[in-house]
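Step one of this worksheet: look at the structure below.
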Amino acid sequence: MNAWLLSVSRVLARVSLLVMWLAGIGLVAMTGVVAYQVYMRFVINSSPAWTEAGAIMIMSWFIFLGAAVGVREKFHMGFDVLLYVLPDSALPWLRGISDVFIFIFAAGMVVYGSELAIRFWSTQIPVLGLPTAFTYFPIIVSGALMCLFIVERMALRLAGEPVDRPNATPEITEV
């Protein structure tokens with residue numbers, strides 16, 4: 001089972017890297033759209049209507065995708081004061097409890113984001129011509145990725161892999 005779990009973890013590491021690259025590309029794209037908007041507004045004196053809504057849409061994608069990667073890579077903020085005063089044996093328990101809460105929050109993102117997307121599918125963002133539901137897709141995708149990454153970490157922890165130490169990665173070897 002460990003070999004299978006580690007191969008799944010290897011695939012999820014690649015997914016995480018791809019998602020991080022997509023978030024980075026989104027940041028660059030948003031910067032380009034905003035630069036284009038500024039140029040058109042102040043140089044040409046004719047700002048396109050779609051640029052602000054487009055930049056916000058791109059920004060929501062890279063923020064939420066980056067948050068999902070942050071969950072997998074343990075870049076999110078945490079309250080680690082207890083970890084310094086409690087014995088090392090408490091670390092997996094505290095991290096496990098934290099992972100359960102993150103999973104619940106991420107599952108809520110999927111459920112309630114989906115409800116919003118369904119509710120607003122019939123309305124449109126006028127300047128983009130897209131359904132308003134597109135605004136909520138980053139929440140759904142990010143929540144699903146967070147759930148996947150948390151389940152991975154919990155499974156690795158149960159399999160005895162060192163996932164609770166800072167910079168700890170499971171021993172992934174080619175199978």
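Tallying residues that are in contact (Cβ under 8 Å) with a residue 40 or more places away in the chain and more than 25 Å from Pro48 (Cα to Cα) within segment 108-141 yields 2. Of all residues in segment 80-90, those satisfying the criterion of being of a type outside the set (A, V, I, L, M) and open to solvent by 90 Å² or more (accessible area, probe 1.4 Å) are Tyr84, Asp88. Within segment 28-51, the set of residues being within 20 Å of Ile139 (Cβ to Cβ) and open to solvent by 80 Å² or more (accessible area, probe 1.4 Å) is empty. When Ser47 is tested against (1) of a type in the set (Gly, Ala, Ser); (2) in contact (Cβ under 8 Å) with a residue 24 or more places away in the chain; (3) assigned to a loop (DSSP other than H, G, I, E, B), just one condition goes unmet, and that condition is (2).
Screening segment 1-27 for residues that are among the aliphatic types (A, V, I, L, M) and either without any contact (Cβ under 8 Å) to a residue 12 or more places away in the chain or more than 25 Å from Glu161 (Cβ to Cβ) (or both) and picking the one that is least open to solvent (accessible area, probe 1.4 Å) gives Ala23. Residues in segment 115-143 that are open to solvent by 20 Å² or more (accessible area, probe 1.4 Å), in contact with a Gly (Cβ under 9 Å, 6 or more places away or on another chain) and part of a helix (DSSP H, G or I) were compared, and the one that is farthest from Ala68 (Cα to Cα) is Phe137. Within segment 91-114, the set of residues being of a type outside the set (Phe, Trp, Tyr), at pLDDT below 90 and loosely packed, with under 13 Cβ neighbours inside 10 Å comprises Ile97 only. Only one entry of Ile63, Ile58 meets the criterion of being in contact (Cβ under 8 Å) with a residue 40 or more places away in the chain, assigned to a helix (DSSP H, G or I) and either among the aromatic types (Phe, Trp, Tyr) or within 30 Å of Leu128 (Cα to Cα) (or both), and that entry is Ile63. Residue selection: Ile97 satisfies the criterion of being free of Cβ contacts under 8 Å to residues at least 12 places away in the same chain and among the β-branched types (Val, Ile, Thr).
The values are calculated or read from the model by the stated rules, or taken from the named source; none is laboratory data. Bear in mind that the values here come from a model prediction, so they are computed numbers and not experimental data. Note that we place each Cβ from the backbone using ideal geometry, even for glycine, and neighbour counts take in every protein chain shown. The accessibility values were calculated without ligands, DNA or RNA, using every heavy atom of the protein model including side chains. Shrake-Rupley method; radii C 1.70, N 1.55, O 1.52, S 1.80 Å.
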